[in-house]
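Chemist: Have a look at the structure that comes next, please.
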Amino acid sequence: MSIARPDRLIVGISGASGVVYGIRLLEALRPLPVESHLVMSKAAELTLAHETTLKAAQVKALADVWYPAGDVGAAIASGSFPTMGMVVAPCSIRSMSEIATGVTSSLLTRAADVVLKERGRLVLMVRETPLHTGHLRNLLALSEMGAMIAPPVPAFYSGPRSVDDIIDQTVGRILDLFGLESGKVSRWGESSGEAPLRRGLGTDEPA
């Protein structure tokens, strides 16, 4: 008999550049019937100060529940606390490497490790380039363990007109992976029944 997984989604924000992805993910979850559980690393709070005008308290207020990164006794550190899974947005190479090896040093990576061991859905928005062979080996190991590696790659077929459009499309596609409709995704072929046109490339033919 399988245990029903409540509509709780863990959101981890690590110290990689692109903290806006985690923020926008929390904002997208607010109108949905999903309880968001947030954990931010200390490095994420430093990145937040560099990349936005928001304070950590403002980001934490977007979540239904938040936990200090050092609270390794938190609910999300235990497999007996069922969830839909976890997104790390963005995911730094350090966090990714800790999760890949199972040698976790914070609640963020411990929670991700728990999701993996419980065979839940773990989505890592890895934010780094270029990647050396060691990074790629760790990513392969995570994929073999069941994690989904989802770098925040922009989609241009939707004809984005701003950075916000690109971020929203990416966040919407991440929520798709959990069966959550955000209303933010421009879907291929759905708006007019045909594939979107290629803009500015001198042709109306899809690639």
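Every number here is computed from the coordinates shown, using simple stated rules; none is lab data. Treat the numbers as computed from the prediction; the structure is a model and nothing was measured. Ideal geometry is used to build each Cβ from the backbone, glycine not excepted, and the neighbour counts take in all protein chains shown.
Chemist: Return one number: the angle in degrees, 0 to 90 and rounded to the nearest 10, between the long axis of the Cα atoms of helix 107-117 and the longest principal axis of the Cα atoms of the chain.
Modeler: Between helix and principal axis, roughly 80 degrees.
Chemist: Follow-up. Highest first, please rank the peptides 87-96, 137-146, 19-28 by the mean number of other Cβ atoms sitting within 10 Å of their residues.
Modeler: Packing proxy ranking, top to bottom: 87-96, 19-28, 137-146.
Chemist: Within straight cross-link reach of Lys55, meaning Cα distance under 24 Å, which lysines are found once same-chain residues fewer than 8 apart are removed?
Modeler: The qualifying lysines are Lys42.
Chemist: With no solvent and one equal point scatterer per Cα, compute the Debye intensity ratio I(q)/I(0) for region 8-176 at 0.12, 0.15 Å⁻¹ and report its log10, rounded to two decimals.
Modeler: -0.48, -0.77
Chemist: Once both axes come from the Cα atoms, what is the angle between helix 19-29 and the longest principal axis of the chain, in degrees from 0 to 90, rounded to 10?
Modeler: The angle comes out near 90 degrees.
Chemist: List the relative contact order of the chain as a percent without decimals, with contacts defined as Cα pairs under 8 Å and 6+ residues apart.
Modeler: Relative contact order of the chain: 19 percent.
Chemist: Would you mind classifying region 41-85 by shape? Square roots of the alpha carbon gyration tensor eigenvalues, ordered a ≥ b ≥ c; an a/c under 1.5 is rounded, otherwise it is prolate if a/b is larger than b/c and oblate if not. Can you show the working numbers first?
Modeler: Numbers: a/c = 2.85, a/b = 2.04, b/c = 1.39.
Judged from the Cα gyration tensor, region 41-85 comes out prolate (a/c at least 1.5, a/b above b/c).
Chemist: Rank Thr52, Thr109, Thr129 by mean-square fluctuation in a GNM of the chain with C-alpha springs under 10 angstrom and give only the top-ranked residue.
Modeler: It is Thr129.
Chemist: Compute the long axis of helix 133-145 from its Cα atoms, compare it with the longest principal axis of the Cα atoms of the chain, and write down the angle in degrees, 0 to 90, nearest 10.
Modeler: 80 degrees
Chemist: Would you grab the residues whose amide H sits under 5 Å from the one on Lys184? Only those 5+ places off in sequence or on another chain, please, with H modelled 1.01 Å from N.
Modeler: For Lys184, whose amide H was placed from the backbone, there are no distant partners under 5 Å.
Chemist: OK, next. Where q = 0.15 Å⁻¹, what log10 of I(q)/I(0) comes from the Debye formula for region 78-178, counting one point per Cα?
Modeler: With no solvent term, the Cα-only Debye profile gives -0.62.
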